[in-house]
Amino acid sequence: MVISMRGDATEDQIQGVIKRLSELKLDAHRSTGLNRTIIGAIGDVSAVDTRDFELLEGVDEVIRISAPYKLASRQFKPDNTEIVVKNVVIGSREVVIAAGPCSVESREQIEKIAATVAASGAKILRGGAFKPRTSPYSFQGLEEEGLKLMRQAADKHGLAVVSEVMDASQIDAMLDYVDIMQVGARNMQNFTLLKRLSKVDRPVLIKRGLSATIEELLMSAEYVISGGNRKVILCERGIRTFETYTRNTMDICAIPIVHKLSHLPIWADPSHGTGIRDKVLPMGRAAIAAGADGLIVEVHHDPAHALSDGAQSLYPEQFDELMRELNIIARAIGRSIGDIS
């Protein structure tokens with residue numbers, strides 16, 4: 001249930017509504033949008049008579065939200081959520097690009113790639129230190145040493161850092177190095193991890209699961225928001241279908257759908273969405289044209305010898321080409337790509 005206050009509602013009137021919700025054993029989540037305060041009532045509202053709240057002073061409208069995701073819903077927060085990470089704002093007019101290797105492999109490797117993507121206009125360095133691999137014999141990542149190397153390279157080139165957290169036990173160590181905590185597709189419904197991240201003062205990027213519906217993705221976001229962390233970024237990274245030509249099927253349609261249903265920003269991952277290097281550029285262009293607030297792309301200076309996902313990693317010159325193309329598309333739809341001219 002959403003309670004929309006009048007534009008001229010006083011703080012006492014707002015607190016009166018919150019107090020009444022508390023009396024009914026309901027949690028109140030307050031947000032400000034469109035020059036008014038909106039209060040979301042979370043809990044069992046089935047027995048609540050909306051007229052009891054409509055009669056309270058300062059209340060403009062009471063709306064029952066039918067969707068199971070309440071706080072992630074655009075009904076609860078009509079205006080877009082903007083998340084500040086270092087020198088960029090995710091969810092604003094600017095399209096934010098995160099780029100880097102699938103895995104942090106060495107100091108030389110991450111330094112070289114960080115310099116490359118920063119020069120092309122990326123604002124965030126991506127890279128895995130803890131790697132969830134299908135085979136137990138594949139490279140599992142450098143763990144905390146990888147985080148240190150990535151942080152040093154990012155700081156040198158003015159970049160923020162996004163990296164995947166696989167388990168709640170890794171969070172405390174990652175806080176010293178990572179600006180955005182990434183929840184991978186396999187962990188999208190790891191509710192224990194999501195609950196722990198809901199208590200962390202750090203943006204959380206949630207990738208859509210391999211077989212997850214859009215509603216299930218939004219419900220995962222709801223876990224984080226309901227626990228107190230409203231800095232959530234969603235990510236479309238392709239889903240598993242009957243098609244086998246590409247690694248996944250990139251669901252571009254999910255981007256405008258999420259924007260209609262939710263106030264949260266949404267990125268796209270064309271690297272995992274296709275799994276094929278020469279398909280990353282066209283799907284990246286399509287995602288921005290569809291309204292994505294950012295991309296997360298894999299880039300490697302020597303993908304033939306990458307320890308993971310070399311086949312879908314762009315060469316530096318390809319990434320530079322992509323950034324210039326994205327700038328043209330972004331401008332055409334009233335947005336921008338950082339400082340690219």
**Fill in**
Per the list (1) modelled with pLDDT under 95; (2) closer than 30 Å to Leu142 by Cα, residue check on Ile276 breaks on (1)
**Message:** Considering only segment 71-82, I want to know if a residue exists there that is in a strand (DSSP E or B) and either modelled with pLDDT under 95 or not assigned by TED's automatic domain parsing to the domain that holds Met323 (or both).
**Reply:** yes
**Request:** Please name all residue pairs, on different chains or six or more residues apart, with Cβ atoms under 6 Å, provided the first residue is in segment 278-295 and is of a type in the set (D, E, K, R) and the second residue is part of a helix (DSSP H, G or I).
**Result:** Arg285/Glu325; Arg285/Ile329
**Restricting segment 153-171 to residues that are among the polar types (S, T, N, Q) and in contact (Cβ under 8 Å) with a residue 24 or more places away in the chain, the residue that is surrounded by the most Cβ atoms within 10 Å (Cβ to Cβ)** = Ser163
**Asked** Looking at this structure, is Leu295 more than 30 Å from Tyr69 (Cα to Cα), modelled with pLDDT of 95 or more, hydrophobic (A, V, I, L, M, F, W, C) and crowded, with 18+ Cβ neighbours inside 10 Å?
**Response** no
**Asked** Would you pick out the residues in segment 54-80 that are surrounded by fewer than 21 Cβ atoms within 10 Å (Cβ to Cβ) and under 17 Å from the mean Cα position of the chain (by Cα)?
**Response** Arg74, Asp79, Asn80
**Request:** Please tell me if Ile65 is β-branched (Val, Ile, Thr), modelled with pLDDT of 90 or more and either closer than 16 Å to His263 by Cβ or not in a loop (DSSP other than H, G, I, E, B) (or both).
**Result:** no
**Request:** Collect the residues in segment 23-35 that are surrounded by fewer than 17 Cβ atoms within 10 Å (Cβ to Cβ) and within 12 Å of Ser4 (Cα to Cα), keeping them in residue-number order.
**Result:** Arg30, Thr32, Gly33, Leu34, Asn35
**Item:** helices (runs of 4 or more DSSP H) within segment 90-188 that include 2 or more residues closer than 26 Å to Ile276 by Cβ and modelled with pLDDT of 95 or more
**Value:** 107-120
**Item:** Failed item in (1) surrounded by fewer than 24 Cβ atoms within 10 Å (Cβ to Cβ); (2) at positive phi, with Met219 passing the rest
**Value:** (2)
**Request:** Please work out if Ser106 is over 16 Å from the mean Cα position of the chain (by Cα), polar (S, T, N, Q), surrounded by fewer than 18 Cβ atoms within 10 Å (Cβ to Cβ) and within 22 Å of Ala304 (Cβ to Cβ).
**Result:** yes
**Message:** When the residues of segment 29-53 are narrowed to those that are under 15 Å from Arg230 (Cα atoms) and either over 24 Å from the mean Cα position of the chain (by Cα) or among the hydroxyl-bearing types (Ser, Thr, Tyr) (or both), which ends up modelled with the highest pLDDT?
**Reply:** Ser31
**Complete:** If we keep only residues of segment 255-271 that are among the small types (Gly, Ala, Ser) and under 24 Å from Cys102 (Cα atoms), then the residue nearest to the chain's Cα centre (by Cα) is Ala268
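The values are calculated or read from the model by the stated rules, or taken from the named source; none is laboratory data. Fair warning: this is a prediction, and the values are worked out from it, not measured in the lab. Counting neighbours? That spans all protein chains shown, and the Cβs are built from the backbone with ideal geometry, glycine included.
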